[in-house]
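Everything below concerns the one structure shown next.
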Amino acid sequence: MSEHKSDFGPDLGEVFGPHQADGGPDLVQLLTPEGERVEHPDFSFDLDDEAIKGFFRDMVLTRRIDTEATALQRHGELGIWAQLLGQEAAQIGSGRALRKQDFAFPTYREHGVAWCRDIDPLRLLGLFRGVDQGGWDPNDGNFGLYTIVIGAQTLHATGYAMGMQRDGVVGTGDPDRDAAVVAYFGDGASSQGDVNEAFIFAASYNAPVVFFCQNNQWAISEPIERQTRIPLYQRALGFGFPGVRVDGNDVLATYAVSQAALQRARDGQGPTLVEAYTYRMGAHTTTDDPTRYRLSEDLETWKLKDPIQRVKAYLTRNGLADQDFFEELDHEAEKLGEHLREGCRALPEPKPLDVFDYVYAEQTEELAEQKAGYAAYLDSFETTGGHR
Amino acid sequence: MTKITLAKGLNAGLRKAMEDDPKVLIMGEDVGKLGGVFRITDGLQKDFGEDRVIDSPLAESGILGTAVGMAMRGYRPVCEIQFDGFVYPAYDQIVSQVAKIHFRSMGKVKMPIVVRIPFGGGIGAVEHHSESPEAQFAHTPGLKVVACSNPVDGYWMIQQAIACDDPVIFLEPKRQYHADKAELDESVLPQPLFTSRVVREGSDLTLLAYGPMVKTCLLSAEAAAGEGKSVEVIDLRTLSPLDLGPVYASVRKTGRAVVAHEAHVNLGMGSEIAARITEQCFYHLEAPVLRVGGFDTPYPPSRIEEEWLPDLDRVLDAVDRSLAY
Ligand SMILES: Cc1ncc(C[n+]2csc(CCOP(=O)(O)OP(=O)(O)O)c2C)c(N)n1
């Protein structure tokens, strides 16, 4: 990588070292990798230990969804799978900070957030198996469909948040009513025009949206240094709203920071950028080969920061969970795995004739004719005893 | 009854739609205080407020992308693109999101978004202000594309487009905004949005056009009549879906068809229409279906746009060539 030395401003290498795995001095952390709770002047975790056990369960089961889906891909049941290994805390912390009336706009890797929105994990597989393009109704659970075009959903989120403003569900002071939107995206996506346009719209209209960037350090093979020359959270200031960098492997901190940012939005104080500083421990997708571009020593460094292990350390160290708890959870994960394995194979195949029905809300004659023509064509095979 | 221009018709139609449905929003650059650079949204922000007539940042992808979110929240955004040549920054949101979300969600999420685009040339503008991008949208499943050609259609079609639960690319022939006036009689019910219309009857040849070329074709038919040729003119009005029933009926009667548009001929709307007429009316054709349009070059500097744009003479030339078969 070339050195970007400049006579103007700070030494970029110092501000933003490429291997600054500790996240730098502004990182919000409430639980260390060793499982020790620490204080932060601006953010605190205000739930009890039961809640932490709940988050632990969420993360373990989310990881199970991920490993199970990866295995299903290996067995040829899925065409591809986008793994989230290492990003469980970022997703569970932010996902659990959402209220029922909030709305989440995911990219394609938000399996943990989907879990928090009560989407049956089986539903996530359809897209990757090729039987549907997202099998859930976004309005049940307020969780948008996976979006493949990088960054596009950040604008949808902003527009949705502007709709909430018009519906009068922002800044009323009623906790059951006030709502906010969260837009998930990656560090690579931060380079897209749409994300930057979303920042501008959100700032300009003071829209109740939290931009939640999971900086997992890589956009397929391109490192974070290819996307930005300053820490991402610092970009927010340039758009006129606050940015926070949180330890993305610390579920207590991601919860606390998301909760605060969402509350700001619900209260009518506008957008926040949250940069969850984390690491993609797996491959980008099951078709990717990270050994071609990244160092195994980086992976080793990040393994020590595993989001699940640190909560486990906290729970055991403080005697908050006994062997039974962990065994029961293992059992639950096993059941979930079964559900996915069996359910995946049983996902209904799409019907060719159905594609004509979903193009328009108000069907056109042209398509109705094409459908009828194709149906007749298919029938001709049946009547002559041929095959489809 | 009142006499109105296309600009007034569209303005009144937008106003009516906003009165009828509080979920209708207008978004775009300069649509508020200024009333849009063509004044189509004149006075609407004053009467409906800044929350419903939204002056946006200068970001077309942003306009369409936020419209998607608004639509998901139950609103019916009408987005104004300032000029045809500036729709491309929003192209990705339009073709990859707006057009596909209903399909992707298997019908669970509707996208009742209207994208208003002042299109076509003839106003002496600098580059990117005179283009005809309709084929790019008509080629995209999930979008509906219509073009109005006169004040009365402008008034009704914009309301129908807004009421439609599908995304509609709404093309407005900008050079006609302030040109001819027409009587608007509200008691005459509008024809359905996605239908074409015979606007002049004739028996020797069928001329097909939409948007700004409808007027040119009517003038051509008039001139041809002076030479004893009877030309039928059809205003297509809807480009996706196409309503070709009346076209086939006409061509079966006349045996000849010429399609005219300002857009480039190569892979333009005329190509599709010619192919379909050939499929459906082969045995009735006395001549190949001919196309008249802009050349396959970028839109030229305005000092020569009148040469570049198909005009009355170029249309008549095609009519003559067809009749010569
Ligand atoms: C507009 C666009 N360009 C390229 C791609 C192909 N692509 C899929 S994921 C990806 C990398 C995205 O990286 P990032 O935003 O950091 O998210 P991550 O996958 O790391 O979570 C690319 C280039 C795409 N989906 N969309």
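The values are calculated or read from the model by the stated rules, or taken from the named source; none is laboratory data. None of the values given here were measured: they were computed from a predicted structure. Neighbour counts run over all protein chains shown; Cβ positions are idealised from the backbone, glycine included.
Quick check: is even one residue across segment A:155-163 buried (at least 19 other Cβ atoms within 10 Å of the Cβ), closer than 23 Å to A:ASP118 by Cα and more than 8 Å from chain B (Cβ to nearest Cβ)? Within segment A:155-163, none of the residues are buried (at least 19 other Cβ atoms within 10 Å of the Cβ), closer than 23 Å to A:ASP118 by Cα and more than 8 Å from chain B (Cβ to nearest Cβ). Scanning segment A:209-227 for residues that are modelled with pLDDT of 95 or more and among the β-branched types (Val, Ile, Thr) returns A:VAL209, A:VAL210, A:ILE220. Here segment A:196-213 is the region considered, the condition is being more than 10 Å from chain B (Cβ to nearest Cβ) and crowded, with 24+ Cβ neighbours inside 10 Å, and the residue that is nearest to the ligand (Cβ to nearest atom) is A:CYS213. None of A:ASP194, A:ASP187, A:ASP247, A:ASP140 is under 20 Å from the mean Cα position of the chain (by Cα) and modelled with pLDDT under 95 except A:ASP140. Can B:ALA12 be described as assigned to a helix (DSSP H, G or I), farther than 30 Å from A:GLY126 by Cα, out of contact with any Lys or Arg (no Cβ under 7 Å at 6 or more places or on another chain) and away from chain A (no Cβ under 14 Å)? Spelling it out, B:ALA12 is indeed assigned to a helix (DSSP H, G or I), farther than 30 Å from A:GLY126 by Cα, out of contact with any Lys or Arg (no Cβ under 7 Å at 6 or more places or on another chain) and away from chain A (no Cβ under 14 Å). I'm checking my understanding of the structure. Among residues of segment B:1-46 that are modelled with pLDDT of 95 or more and among the β-branched types (Val, Ile, Thr), which one is farthest from B:THR66 (Cα to Cα)? Per the criteria, the residue is B:ILE4.
When A:ASP66, A:ASP46 are checked against the criterion of being assigned by TED's automatic domain parsing to the domain that holds A:VAL195, more than 16 Å from the ligand (Cβ to nearest atom) and of a type outside the set (A, V, I, L, M), A:ASP46 stands alone in meeting it.
Taking only segment A:93-124 into account, find how many residues are away from the ligand (no atom under 16 Å from the Cβ) and β-branched (Val, Ile, Thr).
1
Of the helices (runs of 4 or more DSSP H) contained entirely in segment A:289-388, those carrying at least 3 residues that are modelled with pLDDT under 95 and over 30 Å from B:ALA163 (Cβ atoms) fall at A:296-303, A:365-383. The helices (runs of 4 or more DSSP H) found entirely in segment A:37-126 that carry 1 or more residues being crowded, with 20+ Cβ neighbours inside 10 Å and without any contact (Cβ under 8 Å) to a residue 40 or more places away in the chain are A:88-96, A:111-116. Strands (runs of 3 or more DSSP E) fully within segment B:190-265 that include at least 2 residues being over 27 Å from B:ILE117 (Cα atoms): B:205-209, B:231-235. Of the listed requirements (1) touching a residue at least 24 places away in the same chain (Cβ under 8 Å); (2) over 19 Å from A:PRO350 (Cα atoms); (3) facing chain B (nearest Cβ under 9 Å), A:ASN139 misses just one: (1).
How many residues are without any contact (Cβ under 8 Å) to a residue 40 or more places away in the chain and not small (Gly, Ala, Ser) when one looks only at segment B:196-241?
9
Quick one: which residue in B:SER105, B:SER56, B:SER130 is of a type in the set (Ser, Thr, Tyr), within 26 Å of B:ASN150 (Cβ to Cβ) and away from the ligand (no atom under 16 Å from the Cβ)? Only one candidate passes the filter, namely B:SER130.
One residue stands out among those in segment A:267-302 that are within 16 Å of the ligand (Cβ to nearest atom) and polar (S, T, N, Q): the one that is farthest from A:ALA89 (Cα to Cα), which is A:THR287. How about segment A:215-266: which of its residues are closer than 24 Å to A:ARG99 by Cβ, polar (S, T, N, Q) and either surrounded by fewer than 19 Cβ atoms within 10 Å (Cβ to Cβ) or away from the ligand (no atom under 16 Å from the Cβ) (or both)? Those that are closer than 24 Å to A:ARG99 by Cβ, polar (S, T, N, Q) and either surrounded by fewer than 19 Cβ atoms within 10 Å (Cβ to Cβ) or away from the ligand (no atom under 16 Å from the Cβ) (or both): A:SER258, A:GLN259, A:GLN263. Candidates are the residues of segment A:135-184 that are within 15 Å of the ligand (Cβ to nearest atom) and in a loop (DSSP other than H, G, I, E, B); the one that is nearest to A:LYS100 (Cα to Cα) is A:LEU145.
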